[in-house]
Amino acid sequence: MHKLLIASLIFLFSVISPLTLAAIDEQVAVQQFISKMVDQHQFESDALVKLFQSVEIKANIIEAMTKPAEGTPWHQYRKIFMRDSRIQGGVKFWQRNQTSLELTAQRYGVPEEIIVAIIGVETFYGEHVGGHRVIDALATLAFNYSKRSKFFLSELEQFLLLCREEQINPLEPVGSYAGAMGMPQFMPSSYRHYAADFEGDMQRDIWHNPADAIASVANYFAKHKWQTGQDIAFVVQANGDKYKQALTPGLSPDITVKQLHNLGVQVPKQVSEQALVKLLNFEQEQGDDLWVGLDNFYVITRYNHSPLYAMAVFQLSVAIKQQYKRANHE
């Protein structure tokens, strides 16, 4: 009897294609997720089953996840953002939202140019918020991208919670291939924790309301311990090769300026010798640029865990501020 059963199972799995097995695994995972949402958050099972019948799993989302821009060298990555169109676009965005930016900077202590640069890097000031339904993106990655399925399962959970809280139809929001939303490209967990209501109208509309998007970015930075009035990063020079000892993994400041001096790195005098900094190198077409990132540089990396991203935001913010001052004759 057991031999007959085993033989039957072997035959069954031999005629089921890998694609079919993957589909079965996906259905099981979806059902497990629905059960969790019912048990832990009191969602209605039938409503979730109906919702997921409308969800589309998209192969191009998986493909996009394997080719992030942060994988390119700095001299190529920089060109994506340090363009005149993005700088001038930042100036115009600042001019259109001057009052919101000024009040937000006062409230949260985060400079206008940093807020503008974040929105500029993320979505070209709201022009490119993404074309994927958020639920499709999150479900695709949660159930079909094993490398980071745990993270995206959590974000899918957060997304359904925020849709219930904000009274949003889960099938309507659109965003990036990774499920990031609105002008500042918040993931659902970030939306729930950091999205801000600028006007006090009981809505946190980061898709269509620039004031809410501006306040949300500033709130994110403030909650990640932005230090008002402090510097962000400095380009530095080094004598010899000893400095390479300080090029360690990670992004948080981990070496004092005095220690860098002892390794031949020349740090600007306005940075205290006792200050903790992070030594970073950025690949140019010929050689590397050396920078020290301070605490506020690290805070920018909390938005996107990439030194390339943080440097692009910083340099774009400087360029936008310079052009804004010229345009307003300050």
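Quick note: the coordinates plus some simple rules give every number you see, no bench work behind them. Worth saying up front: this structure is predicted, and the values here are computed from it rather than measured. Note: ideal-geometry Cβ built from the backbone for every residue, glycine included; neighbour counts use all protein chains shown.
When region 70-81 is filtered for residues that are in contact (Cβ under 8 Å) with a residue 24 or more places away in the chain and loosely packed, with under 15 Cβ neighbours inside 10 Å, the ones remaining, listed by number, are 70, 73, 75, 80.
Of all residues in region 239-261, those satisfying the criterion of being in a loop (DSSP other than H, G, I, E, B) and on the phi < 0 side of the Ramachandran plot are 239, 241, 247, 248, 249, 251, 252, 253, 254. The residue list 277, 292, 236 contains one member that is of a type in the set (A, V, I, L, M, F, W, C), out of contact with any Phe, Trp or Tyr (no Cβ under 8 Å at 6 or more places or on another chain) and in a strand (DSSP E or B), which is 277. For region 301-312, the condition of being crowded, with 20+ Cβ neighbours inside 10 Å, under 23 Å from residue 258 (Cβ atoms), of a type outside the set (Phe, Trp, Tyr) and within 24 Å of the chain's Cα centre (by Cα) holds for at least one residue.
Scanning region 193-249 for residues that are crowded, with 22+ Cβ neighbours inside 10 Å and among the charged types (D, E, K, R) yields a total of 2.
State the number of residues belonging to region 271-294 that are within 19 Å of residue 72 (Cβ to Cβ) and of a type in the set (D, E, K, R). Here the count works out to 4.
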